[in-house]
Amino acid sequence: MKRSNWLAASAAAMLMLACSSQKAPAEQAIAKVDTSLEAIHDTAAKYAPDTLKSVESQVAALKQSFAKGDYSGVLAAAPAVTTAIKALREDAQTKAYEADAALAKVKQQWRTLTYEVPKLVADLHTQVDTLSSGRGLPRGVTKASFASAKDGVASLDAMWSDANSTVSSGDYAGAVTKGQAVKDKAAAAKLGIPRQTLDSKIRSLGIDKHRFKSA
């Protein structure tokens, strides 16, 4: 064998040996990347879907290099992919924390509404029932304002029921929006009757003012 051919054969053998020695580390690098990405995939899919797609593309490119036998390319690119996965994890976790905090806030708003709104609605029902049972309207309450308040009160129960149905589906933000609308409408419909005057009428008419209270 000529010296040049021998050298070429030796170089080829050394190259094959080098590639073979890099295959196992390349496999390990890909396995590590897969494990890291799998651990955060669901959270990332929910809170950082666009970044997740980018990282998945990088992982796919890494695997294509491995399939082509470019083990050195895999080893060279793996650190950057690992860094990208780490950044994705931090981004997704931060957004998940922010989402949890926002949900806790809106749940508290809903709890406040469930305390305030039924009382407002019950009070309006009591006022309307009291005035409807009496012979006249107290000073400061016109027939027009009473008719408007009466119509408004009639719709409050349905609105509040809708808000409760919304929260039952897990949509606290939507429920708060609807519940706040009920509260605002109930506040706007207040007839401005002094409590002492109202209680006196209730007693004289024998009305149970607690019958309108709801959970």
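Assorted remarks:
- Filtered by the rule that a residue be at pLDDT below 75 and closer than 18 Å to Leu120 by Cβ, the stretch 139-151 gives Val141, Ser145, Phe146, Ser148, Ala149.
- When restricted to residues that are at pLDDT below 65, surrounded by fewer than 12 Cβ atoms within 10 Å (Cβ to Cβ) and in a loop (DSSP other than H, G, I, E, B), the stretch 165-202 contains 2.
- Answer from Ser36, Ser57 - the residue that is of a type outside the set (Lys, Arg) and either touching a residue at least 12 places away in the same chain (Cβ under 8 Å) or in contact with a helix residue (DSSP H, G or I) (Cβ under 7 Å, 6 or more places away or on another chain) (or both): Ser36
- Every residue from the stretch 42-57 that is closer than 12 Å to Ile85 by Cα and among the small types (Gly, Ala, Ser): Ala44, Ala48, Ser54, Ser57
- Tallying residues that are under 23 Å from Gln93 (Cα atoms) and assigned to a helix (DSSP H, G or I) within the stretch 31-81 yields 32.
- On inspection, Val121 does not qualify as touching a residue at least 40 places away in the same chain (Cβ under 8 Å), surrounded by 14 or more Cβ atoms within 10 Å (Cβ to Cβ), touching a Ser or Thr at 6+ places or on another chain (Cβ under 9 Å) and more than 30 Å from Tyr172 (Cβ to Cβ).
The values are calculated or read from the model by the stated rules, or taken from the named source; none is laboratory data. What you are looking at is a predicted structure, and each value in this text was computed from that prediction instead of being measured. In this analysis, Cβ positions are derived from the backbone assuming ideal geometry, glycine residues included, and neighbour counts consider all displayed protein chains.
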